[in-house]
Every structure is written in C-alpha cells, then in structure tokens.
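The values are calculated or read from the model by the stated rules, or taken from the named source; none is laboratory data. From a predicted model like this one, the values you see are computed outputs, not experimental measurements. Here Cβ is always computed from backbone atoms with ideal geometry, including for glycine, and neighbour counts include all displayed protein chains.
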Amino acid sequence: MKERTELKQVVETYLAILENQGLLMWDRLNSGSVLVSAGPKKYKVKLCRPGTADYYVLRGGQLYFLETKGGKGKLRPDQEEFAFLSSWHGAEYHVIRSLEDLQRVLGICPLCNTRILHESHACY
C-alpha cells in the first residue's frame, strides 16, 4: 500500500469491524496540541507525547501500539524511543505497512476474519 493516508483508512475500518465483533478494543492516538475554544476563552490542550504510535489495540490482555508507515517510511528518533519504552514496559510495538501486517500482528485469519488460535486453523 503506497499512501499512508489510505493505509490509515484501511486500518481504522478493519479495527472497527474487529471491535464490533468483540475481538478487541482500539483507538487512534494523536500527539502534539490543539487549540480549543470554549466561548470567549481559548485553551491549549496537550495531546500524547511526540513519537506516540498512531493506534493502541487491546486484545486478549495484550496491549499493542501500532505505527502506520507507507512505502519505505522509517521511524523518527522520537518514535524509536516510544517503541523501545513501550516494549520495555511489556506492550508490543509494530510498524504496519499493509492490512496483511495488521492481520499477522493481531493473529487474525485473513480468510475467515477470526482469531487464529493454533497452527492447524481450519482455513489453512
């Protein structure tokens, strides 16, 4: 998949389907800050730290952080630090470049869209 924007749309659609099936929960993570207006007042709201992955997924008691990269995109130094720290603390961190990457990471059968529990899954 070439475009990162297109990949994010595919990832978000697929994660929403899996969440609706009760297989996981997920959300999009945003770093930086935004300016929020509340009447005449404006507030700067800090989001996640720089380098935070694009998504978190909670599945079967395991926390995954997923960073989407199109083509040959590489992690920035702050993303490498986040990957290291999240892995150090027991989460899994993965770079996702395709729907197939996402299915492999989450253990989802690409043929029947169910959880692969063992090597002798019925679809193989």
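Values for this structure:
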read-out	value
Scope the stretch 65-96; condition buried (at least 18 other Cβ atoms within 10 Å of the Cβ) and either among the acidic types (D, E) or under 15 Å from Y14 (Cα atoms) (or both); matching residues	L66, E67, T68, I96
In the stretch 1-33, the residues that are more than 12 Å from the chain's Cα centre (by Cα), surrounded by fewer than 16 Cβ atoms within 10 Å (Cβ to Cβ) and either among the small types (G, A, S) or in a loop (DSSP other than H, G, I, E, B) (or both)	K2, E3, Q21, G22, G32, S33
Total residues in the stretch 75-92, condition within 23 Å of T5 (Cα to Cα) and more than 16 Å from the chain's Cα centre (by Cα)	3
Cβ pairs under 7 Å, 6+ apart, first in the stretch 99-120 and modelled with pLDDT of 90 or more and surrounded by 14 or more Cβ atoms within 10 Å (Cβ to Cβ), second in a loop (DSSP other than H, G, I, E, B) and of a type outside the set (A, V, I, L, M)	Q103/P110
Selected residue (criterion: farthest from the chain's Cα centre (by Cα)) from residues of the stretch 34-53 that are among the small types (G, A, S) and surrounded by 11 or more Cβ atoms within 10 Å (Cβ to Cβ)	G51
